[in-house]
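The values are calculated or read from the model by the stated rules, or taken from the named source; none is laboratory data. For clarity, every value in this text was computed on a predicted model and none was experimentally measured. Every residue, glycine among them, receives a Cβ derived from its backbone with ideal geometry; neighbour counts consider all protein chains shown. The area values use the complete protein model at the heavy-atom level, side chains included, leaving out ligands, DNA and RNA. Shrake-Rupley method; radii C 1.70, N 1.55, O 1.52, S 1.80 Å.
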2 protein chains.
Amino acid sequence: MDKCKLIPLDKIFKSLGDPIRMGVIKQLIMSETGEMSCGSFDYCVNKATFSHHIKILLEAHILCERTEGVKKYLFLNPSIKKLYPGLVETIRITIPD
Amino acid sequence: MDKCKLIPLDKIFKSLGDPIRMGVIKQLIMSETGEMSCGSFDYCVNKATFSHHIKILLEAHILCERTEGVKKYLFLNPSIKKLYPGLVETIRITIPD
DNA sequence: TATATTGTTCGATATTTATCTAACAATAAG
DNA sequence: CTTATTGTTAGATAAATATCGAACAATATA
């Protein structure tokens with residue numbers, strides 16, 4: 001739970017400092033259910049590259065995953081919003097209405 | 001003023017995603033006057049390298065500068081706090097008391 | 001069992017980034 | 001005018017990162 005406290009904020013920022021990864025977060029924020037399978041995101045790179053970016057977000061503990069059959073569903077780590085409430089809000093206000 | 005709106009958030013995050021640059025922001029937040037000269041920061045790299053990191057923060061418009069004689073004083077861009085109030089607060093809560 | 005779907009891993013490559021030393025520029029002080 | 005202070009720039013190098021194609025693994029379906 002408090003594992004996120006152990007993740008230096010600069011590592012979190014670093015993981016968010018990429019347009020593709022930021023796109024993932026924004027799409028999750030905008031999603032109805034709060035979770036999306038890897039293949040359901042909009043992205044403009046090879047799927048291997050996309051997988052690489054997802055891995056980075058998972059390792060920064062910004063995302064959590066849930067496997068169902070052959071699909072892997074991703075969602076924002078609820079602890080992040082608790083520990084750094086201003087972080088998700090900052091991203092949210094950059095999403096056009 | 002609203003020039004910051006034009007800076008994509010992922011670029012801002014990227015500029016913050018480095019321990020040295022994060023150190024600069026934290027030291028400014030903790031400073032009495034809100035501004036510090038380049039040479040007055042604590043850092044553990046060559047001064048040329050440090051200058052490089054400062055440049056990145058300036059280009060991300062997170063910092064502003066003011067020159068006085070041979071010294072250059074740096075301070076947080078006031079617009080950042082207005083546009084992204086959660087951002088500075090997120091950094092602040094990671095600073096030990 | 002054979003095929004399709006979903007996602008990861010491997011190996012290679014190109015780009016970006018961090019870092020240093022040395023030289024430089026601008027101001028200040030003697 | 002000479003020297004010290006403060007910070008930047010140039011050039012070189014090493015490390016990290018992004019990217020892709022191809023092969024793979026696991027599950028689902030026909």
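Explain nothing, just the number: relative contact order of chain B, from Cα pairs under 8 Å at least 6 residues apart, as a whole percent.
Rounded, it is 32 percent for chain B.
State, in angstrom, two size descriptors of chain A derived from its alpha carbons: Rg to one decimal place and Dmax to the nearest whole number.
So, for chain A, Rg and Dmax equal 12.8, 35 Å respectively.
Please report the net charge: other residues with Cβ closer than 12 Å to the Cβ of A:LYS72, K and R +1, D and E -1.
0
Pull up all non-local amide H partners of B:GLY34: gap of 5 or more, or a different chain, and H-to-H distance under 5 Å with H placed in the peptide plane.
none
How many partner chain Cβ atoms sit within 10 Å of a residue's Cβ in peptide A:83-96, on average, as a whole number?
Shielding by partners across A:83-96 averages 5.
Can you list, shortest first in nanometers, how far B:GLU68 lies from the same residue in the other copies, with each label 7 Å from Cα toward Cβ?
So the label point of B:GLU68 gives 6.0 nm to the other copies.
Might you work out the accessible area of B:LYS14 for me, using a 1.4 Å probe with all protein chains in place, and round it to the nearest 10 Å²?
We get 130 Å² for B:LYS14.
Starting from the exponent 0.38 and prefactor 2.2 Å, build the expected Rg for segment A:38-92 from its residue count and divide its actual Cα Rg by it.
Ratio of Rg to 2.2 N^0.38 Å for segment A:38-92: 1.23.
Identify the residue of chain A whose Cβ lies closest to the rotation axis that maps chain A onto chain B, and give that distance in whole Å.
A:GLY86, 1
Considering amide H positions built from the backbone, and no H for Pro or chain starts, which residues 5 or more places from B:LEU63, or on another chain, come under 5 Å of its amide H?
B:LEU58, B:ASN77
For segment A:19-66, treating each Cα as an identical point scatterer without solvent, what Debye log10 I(q)/I(0) comes out at q = 0.13, 0.21, 0.28 1/Å?
Once normalised to I(0) and log-transformed, intensities are -0.25, -0.69, -1.26.
Which number comes out as Rg/Rh for the protein assembly as shown once both Rg and the Kirkwood Rh are worked out on C-alpha atoms?
When Rh is taken as the Kirkwood radius, the ratio is 1.00.
Could you give the size of the charge dipole of segment A:2-92 about its Cα centre, using +1 on the Cβ of each K and R and -1 on the Cβ of each D and E, expressed in debye and rounded to the nearest 20?
It comes to approximately 160 debye.
Return one number: the angle in degrees, 0 to 90 and rounded to the nearest 10, between the long axis of the Cα atoms of helix B:19-30 and the longest principal axis of the Cα atoms of chain B.
90
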